[in-house]
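For reference, the structure discussed in these notes is given below.
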Amino acid sequence: MHISRFGGAAMARVYWPLNLRALHWLFCPAPQAVAFALRNTIASLVALAIALWMELDSPQWSVATVWSVAQLGRGESMSKARWRIVGTLVGAVAAVVFIAAFPQQAWLFFPAVAIWIGLCSFLATFSLNFRSYAFVLSGYTCSIIAVAAASQPDNVFFIGISRATYIVLGVVCEAVMGMLFTLNLATRARGIMVARVEDVLHRLGGLLREIVLHERDTLLHAGEFSDMLVSVHQGLEFPAIEMGRHLHAGDHARAVLAEVSILVTRLVGLSGGAERAVLAGDDAFADTRGQLLHLCDRLSTCRLKDGMLDELREQVSHLHALFDRRATGGTQEMARITHGVLGASMADLGIALDHCHAIFSPPAHDRFRFRLAGHRDVRLAFYNGLRGAAAIMLAALVYELTAWPGGMGFIAITTLVCGLFATRENPVVGTTRFLSGAVWSAVAAGCLDLGILPYLSDYEEFAFVLGIFLFVGGLAKCNRGTAGAAAAYGLLMPNLLMPGNQSRVDEVAFLNSALHTVLAVGLSVLVFRLVLPFRARDERLRFGAHIRGELRRLCLVPLSPSPQWWIGTSLDRIGRMVRHAAQEHDRTAGGGIRLMLMFSAVGLNILLLRQLKRQQRDGASDVITVLLRALVRYRPVSPRGIAVVRAARVRIARMERADPGNGRLLEVLACLDGIGRTATACIAAIEAGVE
């Protein structure tokens, strides 16, 4: 087919930029990416030079440690380095124990290592951030050391010491280089924390506007807001580390998230339309709506500065007092209850703003501590442990049946990859990219081992060439689309390179090493996809069943948990559902997310009822006691449970009409309305087939 000269030029103008766009991170990297890649390349080369000077037997692990610890933020690198050292030491001790306990007993040794890997993966699922990394690291470090010492068990102690030396060397080199490249660390960390809290307030303003205007997708957007709060909460740990442990800005920021979450959950019930007709002709409520919309505008543009924050706090205090007056002095019952809920929400927002002020203006002798709870998924933890143990046993079986010379390395890499992915909420996501990174690491190491290293005579030449390959890997790690593959590249490529003082890798040794590395990653990918594979729909069903049981326990337990604990666990569940639905492009997950939000609102109102019960012993407390016992029997989200709530509401409403100025009774009515209205919506959604 003939293509004209003008048509060919047009094709070039259209498709050539599109082809280069995927490599924009390489040809036009951001300054932050260049700095990250440069500092970690220098740290890697320095660590390798020291390891070669010390004549360590496997100096490549020091390079892999640098790239394993290196993160874009200094707080992340510092946290990961600390927990990597802890995990390495625990794993080394476990390796010595297993080698000593099962010498020359392969089918006692391999199951023991598999059980240890499964246990570490199980425990890691209950931890956040790099604390979970310490657990999985203790698992695969044990496997790497034990596998290396299986043929020479008398040297297991020295192999463990050697492994710990590589880790400490790599961590120290990365930390020193990070300190040299980072200026004004505490100031930058405070700016990052303030920016994240400001973003939360901006998003809160938009969501509050949707709630006030009764928009249709409010609950779905509230789920996305919950996911954002979870990600912000998980990321707050690292700026707090950079700022120093003597400051408590991170605790105040977490308290902001908790108060904002309670506020949103309080108002979830008001997003329905049951009371709209009742309030349509209320002039006071029309003014309330205008006041709230003005507050939304202020929240959407607020900055955490002294002047602007003080003005916002004054406005919130004014609204709190105004809504409380309208709650106690109104004529319509629904309007008074609604204003009572809004007044409590303004109190939550006022507390959140006080914590915002404490972030950049810490009070003297500040000792405030706060932690936001998270969901602990026992079934997911069991599945993660089972997958890891199954992968190790399968790799050991292949080694025993084939007597493959590279079988021990195959087992070690399988353990490493399974450990890295075992703690992920959805371990299937990212495994394919990690496999592609393993292939690219084999290609890069092959180019160096077989095509370049034979012509180099000293370390300076070798460092220059290796630095180019490492620098490209660092740029790739800063790009979101290639970060997963770059993680495998930085971890596996130095291991395939195997540099030494008096040795060079030949073709046979390299091909065997590359083969067992790539096959080990492939086996791990197959295990995660075939053994108890993760499904977002099953997780939603499991979360739904779990939270229904928790609602009954909230009515029953002698010492009820705090609202902050309940909100933290609910946020974690909702955030996971939103993330997993986005990863799997599941368009049917919106109903399940809305249902989980309504369950969370029911639980919050139950806890608020229990707090009101403890405040004073009177007739209302007796009604609440009877109600909670009935809800344990009939379940809060059930037709009989709703009937019991309505019966209790009739009794409390009668008391409130006899004592119209009693704000406590009004709060009880608001909680009962929140339970009844939200539980009714839950039942309607369940009957409609929402998962």
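The values are calculated or read from the model by the stated rules, or taken from the named source; none is laboratory data. In this text, all values refer to a predicted model and were calculated from it rather than measured experimentally. Counting neighbours? That spans all protein chains shown, and the Cβs are built from the backbone with ideal geometry, glycine included. With ligands, DNA and RNA removed, areas are computed over all heavy atoms of the protein, side chains included. Shrake-Rupley method; radii C 1.70, N 1.55, O 1.52, S 1.80 Å.
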Quick calc: nm separation of the 7 Å Cα→Cβ label points for Asp154 and Ile468 -> 4.6 nm
Take every Cα-Cα distance within the stretch 338-468, group them into 10 Å bins from 0 onward, and report for each bin the whole-number percent of pairs it holds.
9, 18, 19, 17, 16, 12, 6, 1, 0
For the stretch 311-385, listing trypsin sites (Lys or Arg not before Pro) in a DSSP loop whose Cβ sees at most 12 other Cβ atoms within 10 Å gives Arg367, Arg369, Arg376
Potential lengthening between Arg376 and Arg629 on full extension [0.36 nm per residue; Cα-Cα distance subtracted]
88.4 nm
Which value in nm describes the separation of the simple spin-label points at Ile683 and Ile115, placed 7 Å from the Cα toward the beta carbon?
5.0 nm
A chain fully extended from Arg424 to Arg614 at 0.36 nm per residue, minus the present Cα-Cα distance, gains in nm 64.3 nm
Filter the trypsin sites (Lys or Arg not before Pro) in the stretch 431-484 to those in DSSP coil with at most 16 other Cβ atoms within 10 Å of their Cβ, and list the result.
Arg480
If you average the alpha carbon positions of the stretch 146-225 and of the stretch 572-629, how far apart do those two centres end up, in angstrom?
29 Å
So what's Rg/Rh here for the stretch 428-558, counting alpha carbon atoms and using the Kirkwood radius for Rh?
1.25
Of the options Leu556, Ser317, His294, report the single residue whose Cα projects farthest towards the positive end of the charge dipole of the chain (beta-carbon charges: Lys, Arg +1; Asp, Glu -1).
Leu556
Taking the Cβ-Cβ separation of Thr328 and Ala195 as r and a Förster radius of 56 Å, what is the calculated FRET efficiency to the nearest 0.05?
0.90
Electrostatic dipole magnitude of the stretch 458-608 [Cβ: Lys, Arg +1; Asp, Glu -1; Cα centre; debye, to 20]
1260 debye
Using a 7 Å offset from Cα along Cα-Cβ at Ala30, what residues in the stretch 39-78 end up with backbone N under 13 Å from the label point?
72-73
In deg cm²/dmol and to the nearest 500, what is the mean residue ellipticity at 222 nm of the chain if only DSSP H runs of at least 4 residues count, each as -39500 (n - 2.57), divided by the residue total?
-26500 deg cm²/dmol
What angle do you read, to the nearest 10 degrees and between 0 and 90, between the alpha-carbon axis of helix 185-212 and the longest principal axis of the chain?
40 degrees
Answer with one residue from Val66, Met54, Ala101: the one whose Cα lies farthest towards the positive end of the charge dipole of the stretch 29-132, charges on Cβ with Lys, Arg +1 and Asp, Glu -1.
Val66
Of all accessible heavy-atom area on the chain, the percent that carbon and sulfur account for (1.4 Å)
62 percent
Heavy-atom accessible area per residue, the chain, 1.4 Å probe: how many Å²?
44 Å²
Computed about the Cα centre, the charge dipole of the chain from +1 Lys/Arg and -1 Asp/Glu charges at the Cβ has a magnitude in debye, to the nearest 20, of 1920 debye
Expressed to one decimal in nm², the mean projection of the alpha carbon convex hull of the chain is 38.7 nm²
Summed side-chain charge close to Phe528 - residues other than Phe528 whose Cβ falls under 12 Å, Lys, Arg +1, Asp, Glu -1:
+3
Roughly what angle does helix 283-300 make with the longest principal axis of the chain, taking Cα atoms, 0 to 90 degrees, to the nearest 10?
20 degrees
What is the gain in length, in nm to one decimal, between Lys305 and Asp506 on full extension, counting 0.36 nm per residue of separation less the C-alpha to C-alpha distance?
66.1 nm
Farthest toward the dipole's positive end in the chain, which of Gln234, Cys671, Thr41, given Cβ charges of +1 (Lys, Arg) and -1 (Asp, Glu) about the Cα centre?
Cys671
What nm value, rounded to one decimal, do you get for the distance between His294 and Arg216 when each label is placed 7 Å out toward the C-beta?
3.2 nm
What is the magnitude of the charge dipole of the stretch 557-691 about its Cα centre, with +1 placed on the Cβ of each Lys and Arg, -1 on the Cβ of each Asp and Glu, and no other charges, expressed in debye to the nearest 20?
360 debye
How about the stretch 554-662: which trypsin sites (Lys or Arg not before Pro) there lie in a loop by DSSP and see at most 11 other Cβ atoms within 10 Å?
Arg587, Arg617
Report, to the nearest 10°, how far helix 218-235 tilts away from the longest principal axis of the Cα atoms in the chain, using its own Cα long axis and a range of 0 to 90°.
50 degrees
